[in-house]
Amino acid sequence: MEKRNFNILIASFIIGISIFWLSAYSFVILDIDPLHNIKKIFGGDDTVVLTIKGNVVEEFELTLSELKSDKYTQVKDKTFHLINAIGREFDTVYSGASLWSILDVENILGAGASTFLFIGADGYYAESPLSLTLAENNPEKIIIAYEQNGEPIFFDGPVMSAIDYSVIPDEITTHFTLKYLKTILIE
């Protein structure tokens, strides 16, 4: 009986170590910070939440407090019309900073930059990039949202992209309104 208990103890220890290392490996590969919500509660808004890279003068990082600042055009409590993958239409209220105002104020676009693509921390991204002229012509309909329905975006964020469906040219997809937004790729 004692040998059986010892074998169970050793097997449990090996399984525990394996789970720990596989989890750590997954966090590194997926670029996930397991302490993100704890940092957000105790560390404030000073952690980088968004990176803009690609065809830019220099890779640019934004914290949540910078995103909320008056430096960028703030869109408050605006209703966005969305259509999900099965064709159901619905409206959601978002608050955030205009994507175009960020790009314009920071003057980071590289020569020949013409499109943008949202990429989530989980690797999810849109099927195709959108034209930067859409962001320029519709600054209040393409935003980096930090609030949804008046509440901070905790579990799907801390930021997400929000694009009113009316500006998307003849495409039915939910890929442009993206949870867990981590990167904007300029091409």
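Since every read-out is calculated from the coordinates, none of them should be taken as a lab result. Treat the numbers as computed from the prediction; the structure is a model and nothing was measured. When we count neighbours, we look across all protein chains shown, and the Cβ atoms used for this are built from the backbone with ideal geometry, even at glycine.
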Projecting the Cα atoms of THR183, LEU82, SER166 onto the charge dipole of region 65-187, where Lys and Arg contribute +1 and Asp and Glu -1 at Cβ, the residue farthest towards the positive end is THR183
So ASP104 and TYR125, fully extended at 0.36 nm per residue minus their Cα-Cα distance, gain in nm 5.2 nm
Diffusion coefficient, µm² s⁻¹, Stokes-Einstein with Kirkwood Rh over alpha-carbon pairs of region 45-186 at 20 °C and 1.002 mPa s: 144 µm²/s
Which FRET efficiency, nearest 0.05, do ASN84 and LEU22 yield, Cβ-Cβ r, R0 45 Å? 0.85
Mean Kyte hydropathy of 0.0 or more with a Cα span along the axis of at least 15 Å, helices from DSSP in the chain: 2-29
With +1 on each Lys and Arg Cβ and -1 on each Asp and Glu Cβ, and nothing else charged, work out how big the dipole of the chain is about its Cα centre, in Debye to the nearest 20. 780 debye
Excluding residues fewer than 8 places away in the same chain, name every one of the aspartates and glutamates whose C-alpha is closer than 17 Å to that of LYS141. ASP77, GLU89, ASP91, ASP104, ASP164, ASP170, GLU171
Neighbour-limited loop hits for trypsin sites (Lys or Arg not before Pro), region 40-130 (at most 10 other Cβ within 10 Å; DSSP other than H, G, I, E, B): ARG88
Output for region 127-187: chymotrypsin sites (Phe, Trp or Tyr not before Pro) sitting in coil per DSSP, at most 12 other Cβ within 10 Å, listed by number, reads PHE154, PHE155
Cleavage-rule hits (GluC sites (Glu not before Pro)) in region 136-179: DSSP loop, at most 16 neighbouring Cβ within 10 angstrom: GLU140, GLU171
